[in-house]
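The values are calculated or read from the model by the stated rules, or taken from the named source; none is laboratory data. These numbers come from a predicted model, not from an experiment. Cβ: placed from backbone, ideal geometry, glycine included. Neighbour counts: every protein chain shown.
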Amino acid sequence: MHMLLLPLLLTFLNLSQAQPPSDAPLSSTVCIIGAGIGGSSVAHFIRKYSPDLTPTTKIRVFERNTIVGGRIATVNVAGETFEAGASILHPKNLHAVNYTKLLNLKAREPSSGFSLAIWDGNKFVFKTIEISSNLPLFDKLLKLPFIENLVSLVNSGLMFVRYGFSLFKMQNFVQSAVGSFSKYYEDTGSRPIFETVDEMLKWAGLFNLTTRTLQDELVDAGLSPLLINELVTVITRINYGQSVYMSGLGGAVSLAGSGGGLWSIEGGNRQMAVGLIDRSDVALHLNEGIKSVADLGDHYELNSTKGNNYICEVAVVATPLDEINIQFIPPISIPERKLQHTHATFVRGLLNPVYFGLKATAKIPDLVATLEDPELPFTSISVLKKHNEEESTYKIFSRKPMADTLLNSIFSVRKETIRIDWAAYPQYHAPEIFAPFILDGRNLYYVNAFENAASTMETSAVSAENIARLILSRYFGKEVNP
Ligand SMILES: Cc1cc2nc3c(=O)[nH]c(=O)nc-3n(C[C@H](O)[C@H](O)[C@H](O)COP(=O)(O)OP(=O)(O)OC[C@H]3O[C@@H](n4cnc5c(N)ncnc54)[C@H](O)[C@@H]3O)c2cc1C
């Protein structure tokens, strides 16, 4: 071969390798509806797994609100910022761990040594201890790590006395579910791309948990009725506003969200969504909701609340479809699903000890949780911050709005009150029936189909990663092997 021909030939070979397969498009637009952790993660994983597509593939993210984050949001109470929606992450939430590193965010450990009590409407049926003193010097001494460890040991002992070995059975149940979930972080070389939620759950060994209630699963695991009716109930109520009759996988995730090592992101968890969008070379359309998605053969036309039309070869729905009104042409079919509404009420003030039959506010534990009783007007009340003896900021979760008269009886001082009505998560019913990931058999995808398994920041990210791989393989003809 003539030496001068060699560079020419190499250039030609390189060029021909860089061409997309003949049926793949030369330039395309992926449109994502919703800028929560799900939508931002889809954008992130498309870019991460296929950087070579960046010059030719536009990603548009539409968000009906004026800010990014969705159900990860902060609230400002009397000048201070607190998590208003999703607040805690599990140590094994590896996407969140990676996002934190990638985006240079700072992890914050939750404050240790808080006290818990279970309220039945008349009395506390269980209470951990907390030691504090009105004298600042003594209070400082009591906060020394070895004293705090001692208190936590005593509290573990109190739990053991009440619930016995069932506590270990509960831990095993949770660890097994968390272990199965960890399969979703396996290398993409050995991890399939899933076309349906059922397939995805079956592969990890989690599907059966969605077919039975948490109650049934825990009875089979040997937990005592007392533990199920008290501690487990308290946890499912706080995390999902539901009873132990919710489906088993959501229940297991809820229990995992009450274990050790939980964390959050300093300055607000929503920075994950903000950071992912910032890094993913997307056109972000804030304050622009999508009203309709029409299939026009080889592309979709999205029509927005601003009256704009967008042409997209791939469309991704990254929001639950249950309470929003997007018109699909032709119509799509998904199983009916109801969302659990959680009313989050934030109060800066002081709890009234009389409401709880106590003499001093200091005797009220940091977290007051409640049993499953329709008469009880709230699910939980927790202290977010103690400002001083006269004032704290509290978060109340309830299934119904907290009326002023009710708040006036629970609080002796109330300086500021903020109410948020969250369309929070699905109402979980076993057996769960899942909507499709691929809504129309073409290029219209649904991240929140996975939310019937469980609703967390991490499960949205896990679903989003699978959707990104589906898009890359089905539309762009790319296998992902980073
Ligand atoms: C009170 C509460 C507490 C929670 N606690 C935790 C917790 O401690 N830990 C945890 O991991 N998870 C928790 N969760 C669950 C967690 O918040 C969600 O599972 C997760 O944030 C869902 O993310 P997503 O992106 O899938 O959906 P979303 O966050 O709901 O994002 C969807 C986005 O789409 C937008 N949108 C909707 N319709 C349109 C439209 N037509 N056009 C354009 N945009 C649209 C919405 O405005 C929203 O921003 C909690 C949830 C609530 C409500």
(request) Could you tell me which numbered condition residue 409 fails, if it satisfies all but one of (1) closer than 27 Å to residue 35 by Cα; (2) surrounded by fewer than 17 Cβ atoms within 10 Å (Cβ to Cβ); (3) of a type in the set (Gly, Ala, Ser)? (result) (1)
(request) Identify the residue in the range 28-52 that is within 8 Å of the ligand (Cβ to nearest atom) and outside any helix (DSSP H, G or I) and, among all such residues, is surrounded by the fewest Cβ atoms within 10 Å (Cβ to Cβ). (result) 33
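Is there a residue being in contact with a Ser or Thr (Cβ under 8 Å, 6 or more places away or on another chain), within 12 Å of the ligand (Cβ to nearest atom) and over 19 Å from residue 281 (Cβ atoms) anywhere in the range 53-70? Walk me through how you get there before you give the answer.
Residues of the range 53-70 in contact with a Ser or Thr (Cβ under 8 Å, 6 or more places away or on another chain): 56-62, 64, 68, 70.
Keeping just the survivors that are within 12 Å of the ligand (Cβ to nearest atom) gives 60-62, 64, 68, 70.
Still in the running and over 19 Å from residue 281 (Cβ atoms): 64, 70.
The answer is yes; a qualifying residue exists.
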(message) For the range 389-412, which positions are in a strand (DSSP E or B) and in contact with a Lys or Arg (Cβ under 7 Å, 6 or more places away or on another chain)?
(response) 391, 392, 393
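Examine the range 174-186 for a residue that is farther than 21 Å from residue 249 by Cβ, surrounded by fewer than 17 Cβ atoms within 10 Å (Cβ to Cβ) and touching a residue at least 12 places away in the same chain (Cβ under 8 Å), and state whether such a residue exists.
No, the range 174-186 contains no residue that is farther than 21 Å from residue 249 by Cβ, surrounded by fewer than 17 Cβ atoms within 10 Å (Cβ to Cβ) and touching a residue at least 12 places away in the same chain (Cβ under 8 Å).
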(request) Can you confirm whether the range 226-235 contains a residue that is without any contact (Cβ under 8 Å) to a residue 60 or more places away in the chain, more than 12 Å from residue 371 (Cα to Cα), part of a helix (DSSP H, G or I) and more than 15 Å from the ligand (Cβ to nearest atom)? (result) no
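Taking the stated definitions as given, is residue 309 more than 30 Å from residue 392 (Cβ to Cβ) and either without any contact (Cβ under 8 Å) to a residue 40 or more places away in the chain or not hydrophobic (A, V, I, L, M, F, W, C) (or both)? Before you say what the answer is, go through the steps one by one.
Working: more than 30 Å from residue 392 (Cβ to Cβ): yes; either without any contact (Cβ under 8 Å) to a residue 40 or more places away in the chain or not hydrophobic (A, V, I, L, M, F, W, C) (or both): yes.
Taking the combined requirement at face value, the residue satisfies it.
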(request) Give me a count of the residues in the range 82-107 that are among the β-branched types (Val, Ile, Thr), in a helix (DSSP H, G or I) and touching a residue at least 60 places away in the same chain (Cβ under 8 Å). (result) 1
(message) Can you pull out every residue in the range 375-430 that is under 21 Å from the mean Cα position of the chain (by Cα) and among the acidic types (Asp, Glu)?
(response) 421
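Would you check if there is a residue in the range 239-254 being farther than 18 Å from residue 85 by Cα, more than 9 Å from the ligand (Cβ to nearest atom) and either at pLDDT below 95 or among the acidic types (Asp, Glu) (or both)?
Here is the first cut: in the range 239-254, the ones farther than 18 Å from residue 85 by Cα are 243-249, 251-252.
Still in the running and more than 9 Å from the ligand (Cβ to nearest atom): 243-249, 251-252.
Keeping just the survivors that are either at pLDDT below 95 or among the acidic types (Asp, Glu) (or both) gives none.
Taking every residue of the range 239-254 in turn, none turns out to be farther than 18 Å from residue 85 by Cα, more than 9 Å from the ligand (Cβ to nearest atom) and either at pLDDT below 95 or among the acidic types (Asp, Glu) (or both).
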(request) Given the conditions (1) under 24 Å from residue 375 (Cα atoms); (2) within 27 Å of the chain's Cα centre (by Cα), report the number of the one that residue 438 does not fulfil. (result) (1)
(message) Here are the criteria: (1) assigned to a strand (DSSP E or B); (2) away from the ligand (no atom under 11 Å from the Cβ). Tell me which single one residue 264 does not satisfy.
(response) (2)
(request) For residues that are away from the ligand (no atom under 13 Å from the Cβ) and closer than 30 Å to residue 415 by Cα, scanning just the range 80-107, find the one that is modelled with the highest pLDDT. (result) 81
(message) Exactly one condition in (1) at pLDDT 95 or above; (2) within 16 Å of the ligand (Cβ to nearest atom); (3) under 29 Å from the mean Cα position of the chain (by Cα) is false for residue 308; which is it?
(response) (3)
(message) Given the criteria among the hydroxyl-bearing types (Ser, Thr, Tyr), within 21 Å of the chain's Cα centre (by Cα), farther than 29 Å from residue 57 by Cβ and within 16 Å of the ligand (Cβ to nearest atom), does residue 445 qualify?
(response) no
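Please enumerate the residues belonging to the range 450-480 that are more than 9 Å from the ligand (Cβ to nearest atom), small (Gly, Ala, Ser) and either surrounded by 22 or more Cβ atoms within 10 Å (Cβ to Cβ) or free of Cβ contacts under 8 Å to residues at least 12 places away in the same chain (or both).
Going residue by residue through the range 450-480, those that are more than 9 Å from the ligand (Cβ to nearest atom) are 452-453, 462, 465-480.
Adding the requirement that they be small (Gly, Ala, Ser) leaves 453, 468, 473, 477.
The answer is 453, 468.
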(request) Count, please, the residues in the range 305-351 that happen to be of a type in the set (Ser, Thr, Tyr), more than 21 Å from residue 463 (Cα to Cα) and surrounded by fewer than 16 Cβ atoms within 10 Å (Cβ to Cβ). (result) 1
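Which of the residues belonging to the range 267-287 are assigned to a loop (DSSP other than H, G, I, E, B) and buried (at least 19 other Cβ atoms within 10 Å of the Cβ)? Full working, then the answer.
Residues of the range 267-287 that are assigned to a loop (DSSP other than H, G, I, E, B), as a first pass: 267-270, 280-281, 287.
Within the range 267-287, 268, 269, 270, 280 qualify.
Could you tell me which of the residues 386, 359, 415 is in contact (Cβ under 8 Å) with a residue 12 or more places away in the chain, farther than 17 Å from residue 194 by Cβ and outside any helix (DSSP H, G or I)? Quick ask: steps written out before the conclusion?
Numbers: 386 fails: in contact (Cβ under 8 Å) with a residue 12 or more places away in the chain; 359 fails: in contact (Cβ under 8 Å) with a residue 12 or more places away in the chain.
415 is the lone residue from the list that is in contact (Cβ under 8 Å) with a residue 12 or more places away in the chain, farther than 17 Å from residue 194 by Cβ and outside any helix (DSSP H, G or I).
Output the residues belonging to the range 412-437 that are in contact with a Pro (Cβ under 9 Å, 6 or more places away or on another chain) and surrounded by fewer than 18 Cβ atoms within 10 Å (Cβ to Cβ).
Restricting attention to the range 412-437, the residues satisfying the condition of being in contact with a Pro (Cβ under 9 Å, 6 or more places away or on another chain) are 412, 419, 421, 423, 425-426, 432-435.
Of everything in the range 412-437, those that are in contact with a Pro (Cβ under 9 Å, 6 or more places away or on another chain) and surrounded by fewer than 18 Cβ atoms within 10 Å (Cβ to Cβ) turn out to be 412, 419, 421, 423, 433.
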(message) If I go through the range 359-371 residue by residue, how many of them are surrounded by fewer than 20 Cβ atoms within 10 Å (Cβ to Cβ) and in contact with a Phe, Trp or Tyr (Cβ under 9 Å, 6 or more places away or on another chain)?
(response) 4
